[in-house]
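Everything below concerns the one structure shown next.
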Amino acid sequence: MPSSKWTAADLPDLSRRTAVVTGASSGLGVATARELARAGARVVLAVRDVAKGERVAAAFEGEREVRRLDLADLASVRAFAEAWTGDLDMLVNNAGIMAVPQGKTVDGFESQIGTNHLGHFALTNLLLPHITDRVVTVSSGMHRAGKIQLDDLNWERGRYSRWRVYGQSKLANLLFTHELQRRLDAAGSPVRAVAAHPGYAATNLQSHTGSRLNNAFMAAGNRLLAQSGDMGALPTLYAATQDVPGGAYLGPDGFGEQRGHPTLVGRSKAAQDADTARRLWGLSEELTGVRWPLPVAA
């Protein structure tokens, strides 16, 4: 278990280590990338808007670089991975969208599952031959409201529910972590797959729902109830740098896991379903065209 009240000040020396943080130009991604760089890591901010990323990175201490990555476009994901050379110690799958109006990615996937899960699924598998330490994927307490629709992952049938779809994407993040760790173990890899969630953190994620009422409600919640983005990033930072077991899930230690310092937390029964995790992996390979890159995966 994490020591009491762990903070970013407790990060180890990360000199000579390299990290990629997706979605590092706003919200939790900024705090995550900034603190990793402050601790000595070379940090690559993987962002859609390079100019915005450059402005954000200019305020950081340490070694940082900005590269373009659009998780809603598999061609962009492939280009990012193909341009990578050398070792990558930490991949932090942080980027995400939440409860947005119905839409599609460049490749025709429902936008939330496409960005939050399928884009990161493809990126991780394409970069995996370079990864030496761990993959951290950011989920959410909303995974508990999710259900994986293997026969309609992209919600092409029935009425669209933005929150249920978001919950599905966050559940997919945990099932992805579960199956990734199983495959890494089967391949004899030392790489660890872990997950984290920020609790209720005040970021701009809550301002893009496409509904003025929802945006106003969540803005009020941010002011009254949420913890800061810096606090929300702590579970991710802990998961990325501390000695946690493969498959671990980190979140805040406060009431309802809404705020607080990082600790190991539980997950729903659905998030532990090994059969669904395997089937989702197979479907994700089929949809993205990206296959498992290591020699052995039973």
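A few comments on the model shown:
- Ala8 fulfils the conditions (1) open to solvent by less than 20 Å² (accessible area, probe 1.4 Å); (2) over 22 Å from Phe121 (Cα atoms); (3) touching a Gly at 6+ places or on another chain (Cβ under 9 Å) except for a single criterion, (3).
- Subset of segment 150-183 (residues that are touching a His at 6+ places or on another chain (Cβ under 6 Å) and of a type in the set (D, E, K, R)): Lys170
- Qualifying residue in segment 84-103 (condition: without any contact (Cβ under 8 Å) to a residue 12 or more places away in the chain, open to solvent by 30 Å² or more (accessible area, probe 1.4 Å) and farther than 18 Å from Ala19 by Cβ): no
- Qualifying residue in segment 128-147 (condition: at pLDDT below 95 and either of a type in the set (A, V, I, L, M) or under 27 Å from Ser76 (Cα atoms) (or both)): no
- Condition check for Asn116: touching a His at 6+ places or on another chain (Cβ under 9 Å) and modelled with pLDDT of 95 or more: no
- Residue within segment 163-181 that is surrounded by fewer than 22 Cβ atoms within 10 Å (Cβ to Cβ) and touching a Pro at 6+ places or on another chain (Cβ under 9 Å) present: no
- Being open to solvent by 10 Å² or more (accessible area, probe 1.4 Å), farther than 20 Å from Val191 by Cα and not aliphatic (A, V, I, L, M) is a property that Asp151 has.
- Residues that are of a type in the set (Val, Ile, Thr) and modelled with pLDDT of 95 or more, drawn from segment 193-224: Val194
- Counted residues, segment 26-49 - those being open to solvent by 10 Å² or more (accessible area, probe 1.4 Å), within 20 Å of Thr85 (Cβ to Cβ) and β-branched (Val, Ile, Thr): 0
- Of residues in segment 252-291 being open to solvent by 60 Å² or more (accessible area, probe 1.4 Å) and in contact with a strand residue (DSSP E or B) (Cβ under 8 Å, 6 or more places away or on another chain), the one nearest to Glu179 (Cα to Cα): Leu264
- With respect to being under 24 Å from Ala226 (Cα atoms), open to solvent by 10 Å² or more (accessible area, probe 1.4 Å) and touching a residue at least 40 places away in the same chain (Cβ under 8 Å), Gly188 falls outside the description.
- Picking from residues in segment 225-251 that are polar (S, T, N, Q) and modelled with pLDDT under 95, the one that is surrounded by the fewest Cβ atoms within 10 Å (Cβ to Cβ) is Ser228.
- Number of positions in segment 7-44 that are small (Gly, Ala, Ser) and under 16 Å from the mean Cα position of the chain (by Cα): 9
- Residue within segment 37-46 that is charged (D, E, K, R), without any contact (Cβ under 8 Å) to a residue 24 or more places away in the chain and farther than 24 Å from Met98 by Cβ present: no
- Scope segment 258-298; condition of a type in the set (A, V, I, L, M) and closer than 30 Å to Leu11 by Cα; matching residues: Leu264, Val265, Ala271
The values are calculated or read from the model by the stated rules, or taken from the named source; none is laboratory data. Everything numeric here is computed off the predicted structure, so don't read it as measured data. Here Cβ is always computed from backbone atoms with ideal geometry, including for glycine, and neighbour counts include all displayed protein chains. Just so you know, the surface numbers come from the protein's heavy atoms only, side chains and all, with ligands and any DNA or RNA stripped out. Shrake-Rupley method; radii C 1.70, N 1.55, O 1.52, S 1.80 Å.
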